[in-house]
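What follows is a set of notes on a single structure, which appears directly below.
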Amino acid sequence: MLFIIGIIVVFGSVGWGFVLSHGQLAALWQPFEVMIIMGSAIGAYLISNPFHLILDTLKLMPQVILGSKVDKAMCLDVLGLIYDILNKSRREGMMAIEADVENPHSSAIFARYPAILMNEALARFIADYFRIISSGNLASHELEALMDQEIDARLHELEQPGSALGKVADALPGFGIVAAVLGIVITMASIGGDPAIIGKHVAAALVGTFMGVLFAYGLVGPISTRMKHIAEDEIKLYDAAKASIIASMNGLAPQLAIEFGRKSLFTHGRPTFDEVDSKVRGR
């Protein structure tokens, strides 16, 4: 919702301000200038990025428009899942969770948290480290170092779509200048003709520069920044899982272990102690 409101505010402010300054909105309608700018930007984006990154960018767009999937409910699910696995291993032994972590999609524990199963990377992250714990004798600091490496790699992956769009935003003013220069070339060909026609050509050229700057700082740049915020929100789920697992390896009970995970979350989406307690009580 904020995305749509922001778009309306940006373009509405520019357009309404132009009209109030006695401008004619029709003068800003230059479809060929837009085609040059946006076509060049899209082409450069396709040249510079691999196919999987383009797909990742498209998959992120619903979250850009509708908001991040990482909310308080998702945080509670991560903590609840970690608690359930730790509680089962504490009661029945580490061997009891092997079937759950080897195939999360057929696990009764994971089935309680469909939102996590839909996030394949997060579900696999949690399952893999419980498999390592159940099958090896790694010290907690060794496992923590391994988890940090994977979290860093995952953060880099999550930030790539936003970074790629950020480079497009940086290039858009330049493509606006390209459109403006082409407009000037057309204008120079009309020298000696009707002044009114020459004026329209000059206006079209200036609109090219205007469009490049507006699209860069009013649309593509903010989308890039929003994608980076989404990445930061999601990586905190990995941090919460890591903190809970490491705390458990250091001998804390499941209830206390997930408190370490809760404290690692951002405050704007962090559930309270009572909310977490209500989530896991009676498990």
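Read-outs: derived from the displayed coordinates by stated rules, not from any lab. Note that this is a predicted model, so its numbers are computed, not measured. Every residue, glycine among them, receives a Cβ derived from its backbone with ideal geometry; neighbour counts consider all protein chains shown.
A simple spin-label model places the labels of TRP16 and ALA44 3.2 nm from each other, with each point 7 Å out along Cα-to-Cβ. Of the chymotrypsin sites (Phe, Trp or Tyr not before Pro) in region 250-283, the ones in a loop by DSSP (not H, G, I, E or B) with at most 14 other beta carbons within 10 Å are PHE266.
Peptides 93-103, 44-54, ordered by how many other C-beta atoms sit within 10 Å of their residues on average, highest first, read 93-103, 44-54. Relative contact order, whole percent, for region 1-153 stands at 16, derived from Cα pairs under 8 Å and 6 or more residues apart. A Förster radius of 25 Å combined with the Cβ-Cβ distance from MET118 to LEU55 puts the calculated FRET efficiency at roughly 0.90.
For the chain, the longest principal axis of the Cα atoms and the long axis of helix 254-263 meet at an angle of about 20 degrees. Stokes-Einstein D for region 1-109 at 20 °C, 1.002 mPa s, Kirkwood Rh over Cα pairs, in µm²/s? D = 110 µm²/s.
Summarising the label geometry, the points placed 7 Å from Cα in the beta-carbon direction at ARG131 and SER278 lie 3.6 nm from one another.
Extension gain for GLU98 to ASP170 (0.36 nm times residue separation, less C-alpha to C-alpha distance): 21.0 nm.
Dividing the radius of gyration of the alpha carbons in region 53-169 by their Kirkwood radius gives 1.03 for Rg/Rh. Averaging 1/r over each pair of different alpha-carbon atoms in region 143-260 and inverting the result gives 18.0 Å, the Kirkwood hydrodynamic radius.
Going from the fewest other Cβ atoms within 10 Å to the most, the residues LYS59, LYS263, LYS242 appear in the order LYS59, LYS263, LYS242. Between ALA111 and ARG91, the distance separating the two model label sites (each 7 Å from Cα on the Cα→Cβ line) works out to 1.7 nm. Here the relative contact order of region 141-270, from alpha carbon pairs under 8 Å that lie six or more residues apart, stands at 29 percent. Computed from Cα atoms alone, the Kirkwood hydrodynamic radius reported for region 56-105 is 13.2 Å.
The alpha carbons of the chain occupy a box of 91, 36, 30 Å along the principal axes, longest dimension given first.
Between the alpha-carbon centres of region 217-252 and region 75-104 there is a gap of 22 Å. The value of relative contact order for the chain, using C-alpha pairs under 8 Å at least six residues apart, is 27 percent.
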